[in-house]
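Participant: There's a structure below that I have some questions on.
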Amino acid sequence: MSNLPDAAEIANDIGSWLDEMAEGLEPGRFKYCKTGSITPSGGQEADMVTCFAVKAAWQCGQWDKWSDERKKGCINFIRSFQREDGFFYDPWLKKSTYLNWRDFAFAALGRSNLFTAPARHRKQRILNVRAETRQAIGTLMMVGEKPNYPVQMEVTTPEQVTQYINDLDWTHPWGAGSHLSHILMMLSANRSLFQQTELYDKLVPEILNFFKSIYHPEDGTWYKGSVTDNQLKINGAMKVYTGLGWLDDEVFPNKAAIDLALSTPLPQDGCGFTNNLFVIQRASRGLNKPYRADEIKTRAKEAIEIALKNKKEGSSFSFQRHGSQKYYYSQYTSKGHNVADIHGTAMFTWGLALAFELLGNDAPKGAENWQTHRP
């Protein structure tokens, strides 16, 4: 694109939209989207909405403009989901992990096995809790806060880490990388916030050795078996980098991953779009000299152009080009109306912050107030 947008104007639009989503609600609560939302905005449910709102505001420089009442409301609401075992439990997500009419409908259509549904739901409950715990702690730390309790780790010995790793499907590196990244993040948070160093020192080397064993130097990514989809490789690398980012000085310069990301078309949705930029950002760190700098800036400008196609005029971003995101893990979030939504806003705000950083001195006016976070 020839003319870069005013980053301050985009940030103000996001800020105004977040204000609109908070109108009439308890401090720290936000609607998922303006119309078509089926996500709760009251009661002790759906902390992900507040997490996404905080992330979006912090990344585009709006957090500092919020009142203390709203900030405290957000922090206290997120903290309220944590139990003494350190994990965060959302009743709204839990509701979606029991036998329901969809299970019976899919079974009647021959698309699923009703007898295996309970086990499938139990597994999904565990996955949801891990992911929400990681997101909640990361959001609190992003704004200089901490959870009430350390996480009681699921794995406490090298043997248990090995079993945990082996239970993951590394032919699908995005999902597997995500759950191993959760472990790294929780170990790091326990150490930095609660001075729990023993498990960190004992388990992190085991995980790093595993990453070395599945690293593919030809394309700079981590996986097992035969993975041919480049976007899947990038998504998996993104998850590995999100874990490495929580370790001390764990920089992994990676020209091959940059090559792969630049050769792969940018996806149009919030997740794949951001994954591509994040891999370029992380893989560029620690290089002795700039690598493919002009092409990276071209990619960043392309990313900005794509992101703005998902922005609603005078408003914020929808996750899909022509509709709000309908799902979050196992739960339904909206009817998919063509309006901005909180998930799309968080992801595209992060994507733009990454793009502005990759542009360096060529970033547009107002970009100096944007910042990226450790996911």
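The values are calculated or read from the model by the stated rules, or taken from the named source; none is laboratory data. Only a predicted model underlies this, so the values are computations on that prediction, with no experimental measurement involved. Reconstructed Cβ throughout: ideal geometry from the backbone, glycine too, with neighbour counts over all protein chains shown.
Participant: Look through region 311-337, keep the residues that are aromatic (F, W, Y) and buried (at least 18 other Cβ atoms within 10 Å of the Cβ), and return whichever of them is farthest from N276 (Cα to Cα). Break it down stepwise before answering.
Facilitator: Pass one, region 311-337, residues aromatic (F, W, Y): 317, 319, 327-329, 332.
Cutting the leftovers down to buried (at least 18 other Cβ atoms within 10 Å of the Cβ) gives us 317, 319, 328.
On the way: F317: 18, F319: 16, Y328: 21 Å.
This residue is Y328.
Participant: Then there's this: Which of (1) surrounded by fewer than 20 Cβ atoms within 10 Å (Cβ to Cβ); (2) within 23 Å of I296 (Cα to Cα); (3) in contact with a strand residue (DSSP E or B) (Cβ under 9 Å, 6 or more places away or on another chain); (4) not acidic (D, E) is the odd one out, the single condition F211 does not satisfy?
Facilitator: (2)
Participant: Would you point out the residue of region 222-263, among those that are within 20 Å of F319 (Cβ to Cβ) and free of Cβ contacts under 8 Å to residues at least 60 places away in the same chain, that is surrounded by the fewest Cβ atoms within 10 Å (Cβ to Cβ)? Break it down into steps so the answer makes sense when it comes.
Facilitator: Within region 222-263, the first condition is being within 20 Å of F319 (Cβ to Cβ), and the residues that meet it are 231-232, 234-235, 238-239, 242.
When the remaining residues are screened for being free of Cβ contacts under 8 Å to residues at least 60 places away in the same chain, the result is 231, 234.
On the way: Q231: 17, I234: 25.
Across region 222-263, the extreme among qualifying residues is Q231.
Participant: Something else: Please find, within region 99-134, the residue that is farthest from V49 (Cα to Cα) out of those that are assigned to a loop (DSSP other than H, G, I, E, B) and touching a helix residue (DSSP H, G or I) at 6+ places or on another chain (Cβ under 8 Å).
Facilitator: Narrowing region 99-134 to residues assigned to a loop (DSSP other than H, G, I, E, B): 99-100, 109-113.
Okay, now just the ones that are also touching a helix residue (DSSP H, G or I) at 6+ places or on another chain (Cβ under 8 Å), so 99, 112-113.
Details: L99: 25, S112: 30, N113: 32 Å.
This residue is N113.
Participant: Would a scan of region 338-357 turn up a residue that is surrounded by fewer than 16 Cβ atoms within 10 Å (Cβ to Cβ) and either among the aliphatic types (A, V, I, L, M) or within 21 Å of the chain's Cα centre (by Cα) (or both)?
Facilitator: As a first pass, look at region 338-357 and keep what is surrounded by fewer than 16 Cβ atoms within 10 Å (Cβ to Cβ): 338.
Still in the list and also either among the aliphatic types (A, V, I, L, M) or within 21 Å of the chain's Cα centre (by Cα) (or both): none.
No, because not a single residue in region 338-357 is surrounded by fewer than 16 Cβ atoms within 10 Å (Cβ to Cβ) and either among the aliphatic types (A, V, I, L, M) or within 21 Å of the chain's Cα centre (by Cα) (or both).
Participant: Any idea which residue in region 193-208 is farthest from the chain's Cα centre (by Cα), counting only those that are under 16 Å from M141 (Cα atoms) and in contact (Cβ under 8 Å) with a residue 12 or more places away in the chain?
Facilitator: As a first pass, look at region 193-208 and keep what is under 16 Å from M141 (Cα atoms): 193-195.
In the following step, the residues that additionally are in contact (Cβ under 8 Å) with a residue 12 or more places away in the chain were identified as 193-194.
Details: L193: 21, F194: 24 Å.
This residue is F194.
Participant: Turning to a different aspect of this structure: What residue, among those in region 267-309 that are assigned to a loop (DSSP other than H, G, I, E, B) and not charged (D, E, K, R), is surrounded by the fewest Cβ atoms within 10 Å (Cβ to Cβ)? Please lay out each step first, then the result.
Facilitator: Within region 267-309, the first condition is being assigned to a loop (DSSP other than H, G, I, E, B), and the residues that meet it are 267-269, 285-292.
When the remaining residues are screened for being not charged (D, E, K, R), the result is 267-268, 286-288, 290-291.
Details: P267: 16, Q268: 13, G286: 12, L287: 13, N288: 6, P290: 10, Y291: 16.
For region 267-309, the residue satisfying everything is N288.
Participant: Can you tell me which residues in region 14-30 are surrounded by fewer than 21 Cβ atoms within 10 Å (Cβ to Cβ) and part of a helix (DSSP H, G or I)?
Facilitator: Applying the first criterion (surrounded by fewer than 21 Cβ atoms within 10 Å (Cβ to Cβ)) to region 14-30 yields 15-16, 19-20, 23-27.
Within region 14-30, G15, S16, D19, E20 qualify.
Participant: Note down all Cβ pairs under 9 Å where the first residue falls in region 113-140 and is in contact (Cβ under 8 Å) with a residue 12 or more places away in the chain and farther than 15 Å from G175 by Cα, the second is hydroxyl-bearing (S, T, Y) and part of a helix (DSSP H, G or I), and they're at least six residues apart or on different chains.
Facilitator: So the pair list comes out as T139/T50.
Participant: Now a separate question. Can you tell me which condition E357 does not meet? The list is (1) part of a helix (DSSP H, G or I); (2) touching a Gly at 6+ places or on another chain (Cβ under 8 Å); (3) under 25 Å from W63 (Cα atoms), and all the others hold.
Facilitator: The failed condition is (2).
Participant: A further question on this structure: Exactly one of these conditions fails for Q160: (1) in contact with a Ser or Thr (Cβ under 9 Å, 6 or more places away or on another chain); (2) modelled with pLDDT of 90 or more; (3) assigned to a helix (DSSP H, G or I). Give me its number.
Facilitator: It fails just one condition, (1).
Participant: Follow-up question, since we're still on this one. For the condition among the aromatic types (F, W, Y), more than 18 Å from E20 (Cα to Cα), out of contact with any Asp or Glu (no Cβ under 7 Å at 6 or more places or on another chain) and without any contact (Cβ under 8 Å) to a residue 40 or more places away in the chain, what is the one hit in Y332, Y327?
Facilitator: Values: Y332 fails: without any contact (Cβ under 8 Å) to a residue 40 or more places away in the chain.
Residue meeting the stated conditions: Y327.
Participant: While we're on this one: Which pairs turn up if I take residues in region 72-89 that are without any contact (Cβ under 8 Å) to a residue 40 or more places away in the chain and look for partners that are polar (S, T, N, Q) and assigned to a loop (DSSP other than H, G, I, E, B) with beta carbon separation below 8 Å, at least 6 apart in sequence or on another chain?
Facilitator: Close Cβ pairs (under 8 Å, with a partner that is polar (S, T, N, Q) and assigned to a loop (DSSP other than H, G, I, E, B)) amount to S80/Q44.
Participant: Do you know which residues across region 204-242 are among the hydrophobic types (A, V, I, L, M, F, W, C) and either closer than 13 Å to I165 by Cβ or in a helix (DSSP H, G or I) (or both)?
Facilitator: Here is the first cut: in region 204-242, the residues among the hydrophobic types (A, V, I, L, M, F, W, C) are 204, 207-208, 210-211, 214, 222, 227, 232, 234, 237-238, 240.
Answer for region 204-242, where residues must be among the hydrophobic types (A, V, I, L, M, F, W, C) and either closer than 13 Å to I165 by Cβ or in a helix (DSSP H, G or I) (or both): V204, I207, L208, F210, F211, I214, W222, L232, I234, A237, M238, V240.
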